[in-house]
Amino acid sequence: MAVTAGPLAGVRVVELAGIGPGPFAAMVLADLGADVVRVDRPGGGGLAIDPAHDVTNRNKRSVLVDLKSAEGPALVLDLVERADVLIEGFRPGVAERLGVGPDDCLARNPKLVYGRMTGWGQEGPLAHTAGHDIAYIAVTGALGMIGNPGEPPAVPANLVGDYAGGSLYLVIGILAALHHARGPEGAGQVVDAAIVDGTAHLTAMIHGMVAAGGWQDRRGANLLDGGCPFYGTYETSDGQYMAVGALEQQFYDTFTELLGIADRAPARKDLARWGELREAVAARFKSRTREEWTAVFEGTDACVAPVLSLREAPHHPHLAARATFTDFGGTLQPAPAPRFSATPTRVASGPAMPGADTGSVAADWGVPALLPKEA
């Protein structure tokens, strides 16, 4: 069955199967209660993980449609006619060639929000070239900020580009366009969500700091990029790490006191002695294990936390108390976020298996042509 809980209950979404930021954006909408139907292609796509474990397809339903077949585009348009939103992540022009581009879809459903998820956007010199998260965040300046000075930039998985600069901006755009479409004078429209645009937008505050002279345009030399000795990570005696974010004076005072260097720490505002301060902090952290330091700082205003692995994170006492992670079908995964007081969200179904929901979608959406032809 379709998910009925959440603030987007009643919203219908067609997702043309892809990889990366498109499926994650559709998962967010599904987590919020939208009825998301994923249109999978026969044989699947590249870089896909085992569908049974792909949690980005949770809370969705799946049908199989070959968009390159004679009847494929018409089936998608039948779904579009009954939908509020469509999400596609093809290169520019591909959806049009397949017969499911914005003009075709909006002709069938003028109120449709047509969400386009790409790395480079729908136009520009690189619009038609291939790419992945790392290239998109590289050209925006975001990647160049991350890492230690004198070393290669550190790669932040695909969180900054694909998901933060891509998926979440697509979701913002879809929700805003959906609000407009449902207004008295509203109409559907195309949302062009480019990872380069979203990632650049994420650096807005840093650009302001650069303009004000408060940020050096190089790695590891600033307040928030690891250059500051009281905002960074330190190794413990057991080879683990602690994260320190004691920016404000009152938090810094608590931090140095609990760390045991309050009586000999160089003045925090003396940038010339930041190296000396870093050495003092590092030496203290190396004297105990991560577990021991966690016990020292837990529950204080020192702004210090243990650096946990993906498998460790769900067991952190605070995250466990909030049920930040949930187990569904034997797979431990992040719970839907954010939280709502009147329309709570939940994981209602596991990953949609390709084509498994054709019968229920055909019935619920009134598209019997989705059903296999009888021999």
Comparing THR129, THR326, THR118 in a Gaussian network model of the chain (Cα, 10 Å), the one with the largest mean-square fluctuation is THR129
Excluding residues fewer than 8 positions from LYS111 in its own chain, the lysines with Cα under 23 Å of it are LYS60
Which residues qualify? For ILE87, with a placed amide H closer than 5 Å and at least 5 residues away or on another chain, they are VAL14, GLU15, LEU16, GLY115
When the charge dipole of the chain is computed with +1 at the Cβ of Lys and Arg and -1 at the Cβ of Asp and Glu, the Cα pointing farthest to the positive end, of SER349, TYR163, SER62, is that of SER349
Excluding residues fewer than 8 positions from LYS373 in its own chain, the lysines with Cα under 21 Å of it are LYS68
Extend 7 Å from the Cα of GLU292 along its Cα-to-C-beta direction; within the stretch 227-258, residues with backbone N under 20 Å of that point are 233-244, 255-258
For LYS286, counting only aspartates and glutamates whose alpha-carbon sits under 17 Å away and dropping same-chain residues fewer than eight positions off, the answer is GLU235, ASP238, GLU257, GLU276
Classified through the alpha carbon gyration tensor (a ≥ b ≥ c as square roots of its eigenvalues; rounded if a/c is under 1.5, else prolate when a/b is larger than b/c, else oblate), the stretch 1-80 comes out oblate
Restricting to Cα pairs under 8 Å and 6 or more apart, the percent relative contact order of the chain works out to 20 percent
Around SER360 (Cβ within 11 Å, Cβ-to-Cβ, excluding SER360; K/R +1, D/E -1) the net charge comes to -2
Descending packing, highest mean Cβ count within 10 Å first, for 187-196, 242-251, 220-229 is 187-196, 220-229, 242-251
Quick calc, the chain, dipole around Cα centre from Cβ unit charges on Lys, Arg (+) and Asp, Glu (-), nearest 20 debye, gives 100 debye
Averaged per residue, the 1.4 Å probe accessible area of the chain, protein heavy atoms only, in Å², is roughly 50 Å²
Everything considered on the Cα gyration tensor (a ≥ b ≥ c; rounded for a/c under 1.5, else prolate if a/b is larger than b/c, else oblate), the chain must be described as prolate
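The values are calculated or read from the model by the stated rules, or taken from the named source; none is laboratory data. None of these values were measured; they are calculated from a predicted model. In this analysis, Cβ positions are derived from the backbone assuming ideal geometry, glycine residues included, and neighbour counts consider all displayed protein chains. Ligands, DNA and RNA are stripped out before the accessible areas are found, and what is left, the full protein with its side chains, is counted by its heavy atoms. Shrake-Rupley method; radii C 1.70, N 1.55, O 1.52, S 1.80 Å.
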